[in-house]
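Structure, as structure tokens:
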Amino acid sequence: MIPVLLAAHLAGIVGASVAGYRSARAGLLVASIPPAITTIWALGQLNSAPQQAFYELHWVQGLGLSLRFSVDELALLMTILVSGIGVLVFFYSTGYFGSTAGPDARFPSSLLAFSGSMLGLVWADSVWTLFIFWEFTSITSFLLVGYKHVEDSVRIAARRALMITGAGGLSLLAGLLLLVRESNTTILDQISPATGTVGTVAAVLVLIGAATKSAQVPFHVWLPGAMAAPTPVSAYLHSATMVKAGVFLMAVMGPIFANAAVWKTVGAACGIASMLWGGIGALRHRDAKLMLAWGTVSQLGLLVTLFAIGSPKAVFAGIALLLAHALFKATLFLVVGEIDIRTGTRDIAELGGLWRAMPLTCAVATAAGLSMAGAPPLLGFMAKEAALEAVLGLAGAEQLVFSCAVILGSVLTVAYTTRFLITVFGPGPATVVSPPRLAMTAPAAVLSIAGIAGYIFVAAPNRLVSNAAIELNAAATYSLIAWPGLKTAFVVSLAILLVGSLLGLAISRQRVRPTPGSQGADWADAAIDGILTVAPSLTARIQHGSLPVYVVTMTAMAALATIPFLSEIPYLQLDLWNSLIEPFLAIVIVGSAIAGTFVGSRLGAALALGAVGLGMSALFVSYGAPDLALTQLLVETIIVVAFVLGLGRLRQSFPPVDTTWKAARIVIAGAGGIGVTLAIAAASTSPTGTPPLADVSEQAVEEGGGKNLVNVILTDLRALDTLGEVVVLATVAIGILALARINQTEVA
Amino acid sequence: MSIALLLTVGGLTTTGLYLITARSLSRIILGFSLLGHAAVLSLLIAGGSPRAAPIAGTAEQMSNPVPQALALTAIVISFGLTLFLLALAGRQQTLSGDDLVEDDLEDGRIANAQSSEEDL
């Protein structure tokens with residue numbers, strides 16, 4: 001079923017483009033079909049017995065190069081999120097762009113391309129597959145962030161997102177390659193736990209990849225900028241799914257890096273910093289969408305922290321929060337998009353009072369917001385409860401640090417949630433200018449209700465979460481608890497809600513200050529501009545157009561590469577010569593070659609070349625290769641004749657040699673010559689087998705009907721190669737004819 | 001393995017490389033020919049020591065015929081290449097009055113765009 005679903009997404013991209021040319025709405029509806037099929041399939045998998053869907057498409061088997069997919073429990077959970085929310089977002093987009101929107105092929109097809117890439121990423125079972133789809137999501141995200149590409153600021157934001165996530169992708173690739181080298185397999189499930197220095201380096205590299213994708217401090221600067229995308233994209237990519245890819249990666253890689261201390265310390269440091277800084281950011285901004293974006297950084301920080309801790313309970317809580325966050329954060333983004341469309345602003349200074357004008361939307365947002373704050377009776381409450389229990393259950397200093405961080409982060413979460421709900425829906429001046437759009441309200445309502453239903457019918461989310469957790473960590477046999485009773489975690493939870501909402505109330509009463517600029521984003525842009533300045537000047541230096549310099553550069557590099565051969569050559573096994581005629585011929589050949597190199601007249605050079613050829617012929621005779629000798633003689637004669645004929649057009653003497661270059665050219669050519677000599681010496685003294693002379697002789701006589709083995713090989717055993725050679729010569733002949741004709745017409 | 005042959009390969013490669021870094025196309029052609037000789041000789045050397053000609057049933061110990069077949073192909077192809085380059089040199093002579101290889105125009109444009117900051 002996996003190839004069918006992926007093919008459906010590919011076909012859907014084409015179909016959405018075609019339909020999008022008629023109208024954006026048609027394109028969006030066509031694009032929603034593949035995610036709908038995928039969602040139905042994934043829900044069906046839930047009910048059937050636990051069996052993993054698997055698919056492998058081989059490319060190069062020996063190198064482990066294959067597209068390999070396997071849908072395990074965690075992947076199934078992610079599939080339901082990616083495709084399920086995908087369907088709702090496509091439906092929502094039809095309302096967002098409105099019935100009057102013109103044709104648009106780009107948006108539906110890129111959004112579907114993202115959806116398919118994300119599925120490939122969560123299904124990936126080999127490091128190559130993982131990396132390829134990881135990059136696909138970065139690229140599709142770039143296209144979607146840059147959707148309104150006519151605005152400068154949008155292009156800059158899109159570029160920032162691409163450069164940061166792209167750089168993280170390279171870091172991830174390096175980490176994966178280290179892992180592959182250590183455990184000698186490219187299959188994710190079979191990679192052995194990393195240890196030692198290599199494990200540490202790989203852990204840091206993979207963490208950088210995860211942190212860039214999941215917008216963790218200090219790489220978080222791209223995410224607020226990505227809010228330049230249309231709101232459906234922000235809801236789908238930059239809150240519910242793509243930014244979860246980094247967290248997903250940490251969940252999958254957690255068992256591999258369980259022994260690397262740096263995984264826990266660096267990962268948790270990153271996560272805690274993001275959790276707190278993101279929370280503060282959400283309290284500072286006045287654009288409702290940016291408040292949510294900073295809140296996403298904060299929530300992702302909590303997720304990263306939980307997966308960095310990696311204890312069974314933390315893993316369980318992480319997955320529960322992953323599910324809950326996707327539901328409530330997507331809802332809130334969808335709500336903000338609707339408010340933006342209907343009131344024409346997202347600035348909280350101009351918003352407020354919407355509970356009266358948009359009561360349904362207000363209810364939907366309140367339910368989602370309470371889930372985000374971790375209040376009962378909602379899915380977010382159970383997830384936050386599990387997270388608190390996980391950090392409170394740690395021991396020693398870890399317990400203190402992680403508990404304080406998570407409690408502080410949760411207080412901030414409650415505070416910015418309160419601020420969001422009060423400033424947008426509470427008392428205020430906003431006026432609604434456009435009529436309600438059901439296509440926008442309904443998807444948000446569905447997701448919000450899912451958060452409530454997940455609490456009431458706790459068995460359904462519990463099955464998803466606990467199965468996925470057990471798969472990652474066999475000891476994670478927990479379940480979601482709807483009403484924990486008066487335990488420590490619950491009391492702490494209530495305290496957080498109380499303190500947080502008071503803090504949020506206090507802050508939302510303050511006068512709204514101007515939006516602070518993001519210095520981090522400025523630095524990131526400056527760095528990217530630096531790259532864009534350095535790269536062309538480097539290119540101009542390396543690729544300046546002089547053929548001789550190219551050849552010299554390549555020769556120098558190739559010569560350096562032959563240095564290792566020095567130790568491979570058995571010097572004592574070398575003879576001075578095979579027969580006495582060899583040194584004599586060697587002197588003739590090399591002497592003629594040197595003479596031809598430095599002689600000033602073209603005729604002299606042609607004659608020297610002929611002398612080299614004759615010397616080679618003689619050498620072939622002494623080497624037991626009469627066919628080669630005959631061919632060489634014939635070829636050399638023709639070349640000398642052709643040279644002399646061609647010289648009629650050319651001047652008698654060569655143009656003067658540029659002396660500034662001469663010394664460098666001689667040195668590099670000498671190095672190249674020595675390098676080739678070393679390589680041939682090493683290769684010829686270490687044969688890997690004996691030539692199959694008897695076989696070739698027998699085959700030649702029986703099948704080819706000839707005794708001259710070289711001839712039979714060329715005309716019979718390898719006849720097709722010879723045919724190719726004839727074709728080459730014929731092509732050359734045609735080319736020469738054409739070139740000669742040009743000359744004649746020019747002259748005429 | 002014979003040091004004399006190895007040195008021959010080295011000498012041919014060195015002179016060949018020196019010549020193909022020249023500006024004059026006819027020198028480059030000479031260089032290609034010399035490099036072709038070096039390649040053919042390398043193939044033969046890599047195939048084993050010299051023995052009797054590889055004619056079935058004439059000798060116990062024969063030279064390895066496979067590298068010889070490859071070398072023959074190499075000779076013919078480098079022959080074709082040399083003739084083609086000669087024709088190019090003739091054309092260059094007719095068009096520009098000499099057979100010099102000029103710097104690549106497109107690459108030069110990239111370099112200039114950097115210094116003048118106008119294009120790109």
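None of the figures in this text is laboratory data; all of them are computed from the coordinates on show. Please read these numbers as outputs of a predicted model, since none were measured by experiment. Glycine gets a Cβ as well: all are built from the backbone with ideal geometry, and neighbour counts include every protein chain shown.
At a glance:
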{"read-out": "Stokes-Einstein translational diffusion, region A:690-748 - Kirkwood Rh over all Cα pairs, 0.890 mPa s, 25 °C, in µm²/s", "value": "175"}
{"read-out": "Peptides A:682-688, A:429-435, A:488-494 ordered by average Cβ neighbours within 10 Å, highest first", "value": "A:488-494, A:682-688, A:429-435"}
{"read-out": "Range in chain A, longest, excluding exposed GluC sites (Glu not before Pro) [loop by DSSP; at most 15 other beta-carbon atoms within 10 Å]", "value": "A:351-567"}
{"read-out": "Built amide H within the under 5 Å cut-off of B:S2, gap 5+", "value": "A:D575"}
{"read-out": "Peptide A:693-701 - average C-beta neighbours from other chains (10 Å radius)", "value": "4"}
{"read-out": "Extension gain (nm, one decimal) between A:L720 and A:Q652, 0.36 nm per residue minus Cα-Cα", "value": "20.3 nm"}
{"read-out": "Sequence of B:V66, B:V40 once ranked by neighbouring C-beta atoms within 10 Å, starting from the fewest", "value": "B:V66, B:V40"}
{"read-out": "Amide hydrogen neighbours beyond the local backbone of B:L100, cut-off 5 Å, H modeled", "value": "B:L25"}
{"read-out": "Dipole axis of region A:690-748 (+1 Lys, Arg; -1 Asp, Glu on Cβ), positive-most option in A:Q699, A:L739, A:V712", "value": "A:L739"}
{"read-out": "Chain A: relative contact order as a whole-number percent, Cα under 8 Å and 6+ apart", "value": "10"}
{"read-out": "Whole-number percent relative contact order across region A:268-513, with pairs defined as alpha carbons under 8 Å at least 6 apart", "value": "28"}
{"read-out": "Set of lysines with alpha-carbon distance to A:K289 below 30 Å, sequence-local pairs under 8 removed", "value": "A:K148, A:K213, A:K244, A:K329, A:K384"}
{"read-out": "Average beta carbon contacts from partner chains per residue of B:55-62, 10 Å cutoff", "value": "5"}
{"read-out": "Using a Förster distance of 60 Å, the FRET efficiency for A:L10-A:E568 (Cβ separation, nearest 0.05)", "value": "0.75"}
{"read-out": "Chain B: DSSP helices with Cα axial extent of at least 30 Å and average Kyte-Doolittle hydropathy no lower than 0.0", "value": "B:25-46, B:65-96"}
{"read-out": "Chain A - charge dipole about Cα centre, Lys and Arg +1 at Cβ, Asp and Glu -1, debye rounded to 20", "value": "3000"}
{"read-out": "Measure of compaction for region A:268-513 (Cα Rg per 2.2 N^0.38 Å)", "value": "0.99"}
{"read-out": "Volume in Å³ per residue [convex hull over Cα atoms, computed for region A:6-46]", "value": "39"}
{"read-out": "Reachable aspartates and glutamates, given that their alpha-carbon falls under 18 Å from the alpha-carbon of A:K264 and they are not under 8 places away in the same chain", "value": "A:E398"}
{"read-out": "Ranking of A:M358, A:M78, A:M163 by count of other Cβ atoms within 10 Å, fewest first", "value": "A:M163, A:M358, A:M78"}
{"read-out": "R0 of 41 Å, Cβ-Cβ distance A:S579-B:D103: FRET efficiency to nearest 0.05", "value": "0.30"}
{"read-out": "Global geometry of chain B, whether rounded, prolate or oblate, following the gyration tensor of its Cα atoms and the 1.5 cut on a/c", "value": "prolate"}
{"read-out": "Listed residues A:G451, A:A681, A:L354: farthest to the positive end of the dipole of the protein assembly as shown (Cβ charges)", "value": "A:L354"}
{"read-out": "Per-pair calculated FRET efficiency, R0 = 56 Å: A:E151 and A:M1 via Cβ, rounded to 0.05", "value": "0.85"}
{"read-out": "Cβ neighbours within 10 Å from other chains - mean over A:553-561", "value": "1"}
{"read-out": "Rg to Rh quotient for region A:534-646, alpha carbon positions, Kirkwood Rh", "value": "1.12"}
{"read-out": "Residue exposure sequence - A:M557, B:M62 - by fewest surrounding Cβ within 10 Å", "value": "A:M557, B:M62"}
{"read-out": "Gained length - A:T366 relative to A:L63, 0.36 nm times residue gap less alpha-carbon distance", "value": "103.8 nm"}
{"read-out": "Anisotropy class of region A:78-155 from Cα gyration tensor, a/c 1.5 cut", "value": "oblate"}
{"read-out": "Relative packing of A:206-219, B:95-108, which averages over residues the other C-beta atoms within 10 Å, highest first", "value": "A:206-219, B:95-108"}
{"read-out": "Compactness of the protein assembly as shown, expressed as Rg and Dmax over alpha-carbon positions, Å", "value": "36.3, 108"}
{"read-out": "Computed magnitude of the charge dipole of region A:268-513 (debye, nearest 20; Cβ of K, R +1, Cβ of D, E -1)", "value": "520"}
{"read-out": "Among beta bridges that DSSP assigns inside the protein assembly as shown, antiparallel share in %, nearest 5", "value": "85"}
{"read-out": "For region A:39-198, the fraction of alpha-carbon pairs in successive 10 Å shells from zero, as %", "value": "10, 29, 32, 21, 7, 1, 0"}
